[in-house]
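Q: The structure under discussion is supplied below as structure tokens; questions concerning it will follow.
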Amino acid sequence: MDLQKAIRDLYEEKERLDGVIASLEQYLKTNGAGAVKRKRGRKSMGPEERQEVSARMRSYWASRRAEPEE
């Protein structure tokens, strides 16, 4: 067994692993545990916003009822 070749192969593997570790650490900084996770689904409405939507929909349906049916 050629020890020089084995040592050279190990150094190449170490450099490759260092690169992978660095890229994973960078990923963690941007997207990992410290990153803010966004909630999925609908957002909740406050009382004022709910009243505005209610008034808007009330006028919408009133206008729909006022249109003649075909």
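Rule-based calculations on the coordinates, nothing more; no lab input. The shown structure was predicted, so the numbers you read here are calculated from the model rather than taken from an experiment. Positions of Cβ are generated from backbone atoms using ideal geometry, with glycine treated the same way; all protein chains shown enter the neighbour counts.
Q: About its Cα centre, how strong a charge dipole does the chain have in debye, to the nearest 20, once Lys and Arg get +1 and Asp and Glu get -1 at the Cβ?
A: About 520 debye.
Q: Further question on the same structure: Taking Cα atoms, how many degrees apart are the long axis of helix 47-66 and the longest axis of the chain, rounded to 10 and kept between 0 and 90?
A: The angle comes out at about 50 degrees.
Q: Quick one: angle between helix 3-31 and the longest Cα principal axis of the chain, in degrees between 0 and 90, rounded to 10, please.
A: Between helix and principal axis, roughly 20 degrees.
Q: Set Lys and Arg Cβ to +1 and Asp and Glu Cβ to -1, take the dipole of the chain about its Cα centre, and tell me which of Ala6, Tyr60, Leu28 lies farthest positive.
A: Towards the positive end, the residue furthest out is Tyr60.
Q: I've got another one for you. What would the Debye equation give as log₁₀ I(q)/I(0) for the chain at q = 0.14, 0.26 Å⁻¹, counting only Cα atoms as equal point scatterers?
A: Here the Debye-derived log intensity ratios amount to -0.75, -1.07.
Q: Residues with beta-carbon under 13 Å from that of Asp18, excluding Asp18: net charge, scoring Lys, Arg +1 and Asp, Glu -1?
A: -2
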